[in-house]
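The structure under discussion appears below in the form of structure tokens.
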Amino acid sequence: MQKLNSTSLRISNPSEEEVKKIKRNDIYVILDNVLDTYNIGAVFRLADAVAAKKIYLCQGSETPPNSRIQKASIGTWQWVPWEYCSSASDAIQSLKKNIPEVSVVGIELTDESISYDEFDYPLPIAFVIGHETDGISEETLQKCDKVVQLPMFGVNISLNTMVSLGIVLYEAIEKNSL
């Protein structure tokens, strides 16, 4: 068995032709004031992994080019479509205007949230993750169609935003057999 090394695992400079050939899934990711640039870079990697259509970087979220986003994203920010919005609420409003059937799902711990594995994840879908300490803003939560959470069985009651997003993205992929 051959183990893949870091060079073979990374395509650092895909051609424009390769990028154009990517069949993007009807998945959008909205970052509501996510501040950690390493989390932002990791979200680009996740979005690339699931061939998401677009990332919306909102409010205080740093935007590329940024050396830490570049490092954490291993360059994926260059070919994953993204846009900056002044707020996550604006991003949601724009998405719903352009794609009325989009479901907006917040990943957050609330009194109304359901377990992530109980939702069907109809496409098109937008996932919202929030600030590392404060979570998704109340204004943005009000615009979400559903809020899901990951069950926690230890002492800690939450996971890193990027980790939570990764788990939920792959649940959506599995439920849609993409």
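Which one is nearest to Glu132 (Cα to Cα), of the residues in the stretch 73-106 that are among the aliphatic types (A, V, I, L, M) and open to solvent by less than 20 Å² (accessible area, probe 1.4 Å)? Per the stated criteria, the residue is Ala88.
Hey, any hits in the stretch 51-58 for a residue that's assigned to a loop (DSSP other than H, G, I, E, B) and either touching a helix residue (DSSP H, G or I) at 6+ places or on another chain (Cβ under 9 Å) or free of Cβ contacts under 8 Å to residues at least 24 places away in the same chain (or both)? No, the stretch 51-58 has no match at all. Based on this model, can you work out whether Ser164 counts as closer than 16 Å to Phe44 by Cα, assigned to a helix (DSSP H, G or I) and at pLDDT 95 or above? Yes; evaluated as a whole, the condition is true for this residue.
The values are calculated or read from the model by the stated rules, or taken from the named source; none is laboratory data. None of these values were measured; they are calculated from a predicted model. Note that each Cβ is placed from the backbone with ideal geometry, even for glycine, and that neighbours are counted across all protein chains shown. To get the accessible areas, we keep the full protein, side chains included, count just its heavy atoms, and leave off ligands, DNA and RNA. Shrake-Rupley method; radii C 1.70, N 1.55, O 1.52, S 1.80 Å.
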